[in-house]
Amino acid sequence: MSDFYALLGVTREATEVEIKKSYRKLAMEYHPDRNSAPESEARFKEITEAYEVLRDPQKRAAYDRYGRAGVGAGGGGFGFHQVDLTEALNIFMRDFGGMGGFESIFGGGRSRQDARRGQDVRVTVKLSLAEVATGVKKTVKLKSVDRCSSCSGSGAKPGTKPATCSACGGSGEVRRAARSMFGQFVSVSPCPTCAGEGTVISQPCEVCRGEGRVRADKSVTVEIPAGVSTNNYLTLRGQGAAGSRNGPNGDLLVMLDIRQDDRFERHGDDLIFDLSLSFSQAALGGEFAVPTPYGEEKIKLPAGTQPETTLRLKQRGLPVLGQNAKGDLLIRVHIWTPERITDEQEQLFRELAKLEGEAPKRSPGFWSKLKEALGA
Ligand SMILES: [Zn+2]
Ligand SMILES: [Zn+2]
């Protein structure tokens, strides 16, 4: 699979305007209504998918950092998905549909559906790092709109039916034939009498006043995959607001808010834990308890463990989104020096000082070794 930037023929530094411009040009070339070559449809989907990610600063940042895994594209089975042709066409229409007479090129059929589509609903789910580590099911409560049960969403008073619009004969479109120097052409626009719906309601439903939908609280269970970050979000198709008069539902967009866990520093899928040891612990070595997102674990440190030693616990970091892999947990050792000591401790330290001898002069390689250990 090619890089999204390469697909759109732009550089990684391209501005939003450049991305939009380049996508529009390519979309005009490969739009299935204009290009009947068999591979154009797949190409149109690909460039639209790339465009949909790169036009959105949040998704673009996630893509820049984690590639397709970061935006869920090309992965599968965890709530994200690749765009299908209908979506690709809708995305194109959404951003370019109103420009330069495309409406008449592509026909009015889709816009008629879109007018009744319910709104997308956005909800934020808070997650702990432990939940990110395992993945979690969350139930979210939403104030939304649902199909009116009294009229089954039609908007017509129970016992009555919406009537076919007499102005357009139910097609929702009005066609006008006009002549030009090139011959006759037909222009198509939504029917003004029925707003493109093809039907008119003479007796509206009293519960929803003809809207076909009513306010409702609902709860939706969201399955959040392991390894997500704040840049990710989930799209639940059709779980947003109900459309008017049985129009399609909007989507539910689940934004993720991951609470800071003070024990760890997160670097993508890797975690860092700072372990403080007293001088005697470092000198003697031994077993020490360290937290991991999956519970406490014991690590062994040799006698004479040096400050800023870094240990890598493989596969104890966070899961890699959409893959059967995990990052690592890095344990960074720090030596703690007590700020205050008791008389007894002082006496012991003085005894020790007599016995321990002199610290070695630092060898020239000391700082570079230290940097290496820190991964700098
Ligand atoms: Zn109703
Ligand atoms: Zn009409």
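The values are calculated or read from the model by the stated rules, or taken from the named source; none is laboratory data. All figures in this text were calculated on a predicted structure; none of them were measured in a lab. Note that we place each Cβ from the backbone using ideal geometry, even for glycine, and neighbour counts take in every protein chain shown. For accessibility, only protein heavy atoms count, side chains too; no ligands or nucleic acids. Shrake-Rupley method; radii C 1.70, N 1.55, O 1.52, S 1.80 Å.
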Yes/no for Thr235 being open to solvent by less than 60 Å² (accessible area, probe 1.4 Å), within 30 Å of Ala130 (Cβ to Cβ) and not charged (D, E, K, R)
yes
Yes or no: segment 207-218 includes at least one residue that is under 38 Å from the mean Cα position of the chain (by Cα), touching a residue at least 40 places away in the same chain (Cβ under 8 Å) and more than 16 Å from ligand 1 (Cβ to nearest atom).
yes
Give Gly153, Gly172, Gly135 a once-over and let me know the one that is at positive phi and out of contact with any Pro (no Cβ under 7 Å at 6 or more places or on another chain).
Gly153
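Regarding Arg179, is this residue away from ligand 1 (no atom under 16 Å from the Cβ) and charged (D, E, K, R)?
On the way: away from ligand 1 (no atom under 16 Å from the Cβ): yes; charged (D, E, K, R): yes.
Against the criterion (away from ligand 1 (no atom under 16 Å from the Cβ) and charged (D, E, K, R)), Arg179 qualifies.
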From the options Asp274, Asp262, residue that is touching a strand residue (DSSP E or B) at 6+ places or on another chain (Cβ under 8 Å), of a type outside the set (Val, Ile, Thr), open to solvent by 40 Å² or more (accessible area, probe 1.4 Å) and not in a helix (DSSP H, G or I)
Asp274
State which residue pairs qualify: first residue within 14 Å of Asn246 (Cα to Cα) and at pLDDT 85 or above and inside segment 183-200, second residue within 16 Å of ligand 1 (Cβ to nearest atom) and of a type in the set (D, E, K, R) in any location, beta carbons under 9 Å apart, and separation of 6 or more residues or different chains.
Thr199/Lys161; Thr199/Arg245
Segment 120-175 - residue that is within 16 Å of ligand 1 (Cβ to nearest atom) and among the hydrophobic types (A, V, I, L, M, F, W, C) and, of those, nearest to the chain's Cα centre (by Cα):
Val145
Any residue at all in segment 207-230 that is surrounded by fewer than 19 Cβ atoms within 10 Å (Cβ to Cβ) and within 16 Å of ligand 2 (Cβ to nearest atom)?
no
Does segment 137-149 contain any residue that is part of a loop (DSSP other than H, G, I, E, B), at pLDDT 90 or above and either within 16 Å of ligand 2 (Cβ to nearest atom) or not basic (Lys, Arg) (or both)?
yes
Only one of these conditions is not met by Ala167: (1) part of a helix (DSSP H, G or I); (2) open to solvent by 10 Å² or more (accessible area, probe 1.4 Å); (3) aliphatic (A, V, I, L, M). Which number is it?
(1)
